[in-house]
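Notes follow once the structure below has been shown.
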Amino acid sequence: PSNIMLSIDEGKFTPKIIDFGLVKNTDQGSAVQTRTGMTMGTPSYMAPEQVRDAKNIDRRADIFALGAILYELVTGRRAFVGSDTFEIFRSIADGNYVDPLEIVPELPDHIVRTIRVALQTNPDDRFADCEALLSSWAGDNALSLEPSDELWDVGALRDIQREDQLRSANEVNS
């Protein structure tokens, strides 16, 4: 989530990914590619199949990561936690996370359902693609999936933006 920024353009929020961090440039200008057996990604957002064997993953691993991000956005907590990487991977493999309704009881059913499906440990039980995830997330707004403020609580997003700016200013001053 720290690599996803919200840009405000013409009164609309647009999420932008600012850093993938999976390819490293060397001094010679070439790139170091991932190799079999290397763990690539941020542990708390990696799908179970990515933890086990990153060689044979597909777009459903991205659905899982998006589910973990959405979970964090609506609850304010990471879905998968642990005191070290091994514990985080164990939580992911076991599908062990606190249900979002336990943290935010007033969440709409379609939001909870979207997160639960996206975080399924079996890739076949997840959404097939982002379009299906978006349709579920939008709920009653699914018929008009054009970007709109109706899918975002603009006031809440502005409050978050102000809180983040205050937090950043406090960190600089301390």
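Residue by residue, here is whether (1) open to solvent by 70 Å² or more (accessible area, probe 1.4 Å); (2) within 21 Å of A79 (Cα to Cα); (3) modelled with pLDDT of 60 or more holds:
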{"position": "L107", "(1), (2), (3)": "no, yes, yes"}
{"position": "V117", "(1), (2), (3)": "no, yes, yes"}
{"position": "P123", "(1), (2), (3)": "no, yes, yes"}
{"position": "L133", "(1), (2), (3)": "no, yes, yes"}
{"position": "S136", "(1), (2), (3)": "no, yes, yes"}
{"position": "G139", "(1), (2), (3)": "no, no, yes"}
{"position": "L143", "(1), (2), (3)": "yes, no, no"}
{"position": "S148", "(1), (2), (3)": "no, no, no"}
{"position": "A156", "(1), (2), (3)": "no, no, yes"}
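Could we say that R167 is at pLDDT below 95, within 25 Å of P43 (Cβ to Cβ), basic (K, R) and part of a helix (DSSP H, G or I) here? Walk me through how you get there before you give the answer.
Working: at pLDDT below 95: yes; within 25 Å of P43 (Cβ to Cβ): yes; basic (K, R): yes; part of a helix (DSSP H, G or I): yes.
When the stated conditions are applied, R167 passes them.
Which residue is nearest to the chain's Cα centre (by Cα), if the candidates are limited to segment 80-105 and must be under 19 Å from P43 (Cα atoms) and open to solvent by less than 30 Å² (accessible area, probe 1.4 Å)?
Selected residue: F80.
Each row is one residue, and each column tells you yes or no for (1) open to solvent by 50 Å² or more (accessible area, probe 1.4 Å); (2) closer than 17 Å to C130 by Cα; (3) at pLDDT below 95.
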| residue | (1), (2), (3) |
| --- | --- |
| I4 | yes, yes, yes |
| S7 | no, no, yes |
| E10 | yes, no, yes |
| I17 | yes, yes, yes |
| M38 | yes, no, yes |
| N56 | yes, no, yes |
| G67 | no, yes, no |
| E72 | no, no, yes |
| I111 | no, yes, yes |
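Restricting attention to segment 55-67, the residues that are assigned to a helix (DSSP H, G or I) and within 18 Å of the chain's Cα centre (by Cα) total 9.
The values are calculated or read from the model by the stated rules, or taken from the named source; none is laboratory data. No experiment lies behind these values; they were computed from the predicted model shown. For neighbour counting, all protein chains shown are included, and Cβ atoms are generated from backbone atoms with ideal geometry for every residue, glycine included. We work out accessible area using only protein heavy atoms, side chains counted, and drop any ligands, DNA or RNA first. Shrake-Rupley method; radii C 1.70, N 1.55, O 1.52, S 1.80 Å.
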